[in-house]
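The values are calculated or read from the model by the stated rules, or taken from the named source; none is laboratory data. The model shown is predicted, which means the values in this text are computed figures rather than measured ones. Neighbour counts are summed over all protein chains in view; Cβ atoms, including those assigned to glycine, are modelled from backbone coordinates with ideal geometry. Just so you know, the surface numbers come from the protein's heavy atoms only, side chains and all, with ligands and any DNA or RNA stripped out. Shrake-Rupley method; radii C 1.70, N 1.55, O 1.52, S 1.80 Å.
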Amino acid sequence: MSEITEFEVAKRIMGSNFIGPDEMHCIKEMRLHIPDTIPTIPYSQELLEQKKLDYMLVLGISKFENDVPVTIRNMSKLFGKDPEIKEPCFYNQDWYDQEDFIDVPMKDEWFLIRKDVYEDSRAIQPVDLMKSYSFPSAIKCCYAFFTAWLGLGDKLWYHDFVWCIDTDHNGDRIYVGKYHDVDGVNKNGFSIHRHLALRPCYGCID
């Protein structure tokens, strides 16, 4: 079994769940620096056939046309945090401005990412989920969200949060997504949060 798939074959298999160089060229809001030589797709045809309905195959790009790295910090500057000015955008928060994970750059590589959360994973602690699932990075989630919206018109995890492999400086797990609040309390925006783990500094009073 070959662990790579030719570009045209992968595009045919994935159908509308494919974000490649053509789709990237159409995303004028991001102006990505698409390399002349496209990376090899590191997945077998058999695997893509298994994933084609529930996953997106996305071409990761490491830099914008101005040579600035594609990071969460730089994407946040690009899209802003006010849905009344433009959408899609980030949710208006700044707690993560000093965290290392927002400066991790996207890589020039293909990756698969699931479009919807597993129903049986809802309301389960991430430490338990990690026994069965491999979480994606925050930058992959962020990058996939904005490229899918702008390149395909698909709104990933529109009402759901997804766990990420990243943690903050305290070791608290990062989770992202939930662009729209169905209760209408919060404004629209791609959210980035951290799941606070219990530590000795947490206690109660009466």
Legend entry - Cut-off under 5 Å, modelled amide H: who pairs with residue 161 long-range: 178
Inset, instruction - Taking H placed 1.01 Å from N in the peptide plane, check which residues at least 5 places from residue 107 or on another chain put their amide H under 5 Å from its amide H. - result: none
Inset, instruction - With a 1.4 Å probe and all protein chains in place, put 7, 135 in order of accessible area, largest first. - result: 7, 135
Legend entry - Ranking by accessible area, most exposed first, for 173, 31 with a 1.4 Å probe: 31, 173
Inset, instruction - Assuming a ≥ b ≥ c are the square roots of the Cα gyration tensor eigenvalues, decide whether region 143-206 counts as rounded (a/c under 1.5), prolate (otherwise, with a/b larger than b/c) or oblate. - result: oblate
Inset, instruction - Run down the lysines and flag those whose C-alpha is under 25 Å from the C-alpha of residue 178, throwing out any fewer than 8 positions away in its chain. - result: 28, 51, 52, 77, 81, 86, 107, 115, 131, 140, 155, 187
Inset, instruction - Per DSSP H run of n ≥ 4, the term is -39500 (n - 2.57); total these for the chain, divide by its residue number, and report the mean residue ellipticity at 222 nm rounded to 500 deg cm²/dmol. - result: -6000 deg cm²/dmol
Legend entry - Cα-centre dipole for the chain with unit charges at Cβ (Lys and Arg positive, Asp and Glu negative), debye to 20: 100
Inset, instruction - State, to one decimal in nm, how far the label point of residue 66 lies from the label point of residue 195, with both points 7 Å from Cα in the Cβ direction. - result: 3.6
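With the Cα gyration tensor of region 102-143 giving a ≥ b ≥ c as the square roots of its eigenvalues, does the rule (a/c under 1.5 for rounded; else a/b larger than b/c for prolate; else oblate) give rounded, prolate or oblate?
In terms of gyration-tensor shape, prolate.
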Inset, instruction - Answer rounded, prolate or oblate for region 54-206, using the Cα gyration tensor with square roots of eigenvalues a ≥ b ≥ c: rounded when a/c is under 1.5, else prolate when a/b is larger than b/c, else oblate. - result: rounded
